[in-house]
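Working notes, beginning with the structure itself.
The values are calculated or read from the model by the stated rules, or taken from the named source; none is laboratory data. These numbers were taken from a predicted model, which means no experiment stands behind them. All Cβ positions, glycine included, derive from the backbone under ideal geometry; neighbour counts span all protein chains shown.
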Amino acid sequence: MKTYAREATIVALLIIILSMTFKILENGIGFTEILDFKTVFLGFATFGGAALGAMLAGKYTLSSVKEQIDYDTKKEIEKETISQQKYDIFLSIHLNLIRNEANRIAFMKTLLLSHNPYNVKPLEEIEDVLLKLKETTRLLFSIDPKYISVENYKLLGKINDKIYEIENSYKGFLATEEDEALLHIEMVESQAKNLLKIIEESK
């Protein structure tokens, strides 16, 4: 507002100076027959008013555009923040699912290597666990990355790597003889426990 007042004062002073200059020239040279003071003054006033109006309108437009950009930026940040908070809840729910599945691996490994009083096939159950783990991480990664915090994205990377290691160890178990197979199934359980540890440390 102070800037506008200063600019209006400058324009008004210019009009006065130009008008006085014309009046002096009119009296000294005598060209009142061609132009009179009133006509010139009105011309200067019209020009000055138009210039001032255009200048103020331009500044107001720039100010309005800047305010709109700031507002839009703020709303976008708020939207992304809310989306990240929603994703955090979504992630927490699915981390619980991953935790439950990882815990099944140790139980199925025990059934595989000892007496199995249940009507379940441990190897099929472990394969089902691996499938669910991969589907869950795929779902978690399917969200637009801008809604996932850097910390959560790193966490997903660690979880995904560990699931890949579990799967490779399980494939090794299936492809080797009994003694070596035992080592691989132990690694499957160990890596599942490491997966649980990663999830617990993320809390």
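Residues that are of a type outside the set (A, V, I, L, M, F, W, C), modelled with pLDDT under 85 and under 30 Å from Asn152 (Cα atoms): does region 58-70 have at least one?
Start the filter on region 58-70 by keeping residues that are of a type outside the set (A, V, I, L, M, F, W, C), which leaves 58-61, 63-64, 66-68, 70.
Applying the additional criterion that residues be modelled with pLDDT under 85 yields 58-61, 63-64, 66-68, 70.
After this cut, where a residue has to be under 30 Å from Asn152 (Cα atoms) as well, the list is 70.
Yes; the residues of region 58-70 include at least one that is of a type outside the set (A, V, I, L, M, F, W, C), modelled with pLDDT under 85 and under 30 Å from Asn152 (Cα atoms).
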From Lys197, Lys162, residue being of a type in the set (D, E, K, R) and touching a residue at least 24 places away in the same chain (Cβ under 8 Å): Lys162
Any hit, region 167-185, residues being in contact with a Ser or Thr (Cβ under 6 Å, 6 or more places away or on another chain), surrounded by 15 or more Cβ atoms within 10 Å (Cβ to Cβ) and over 23 Å from Leu97 (Cβ atoms): yes
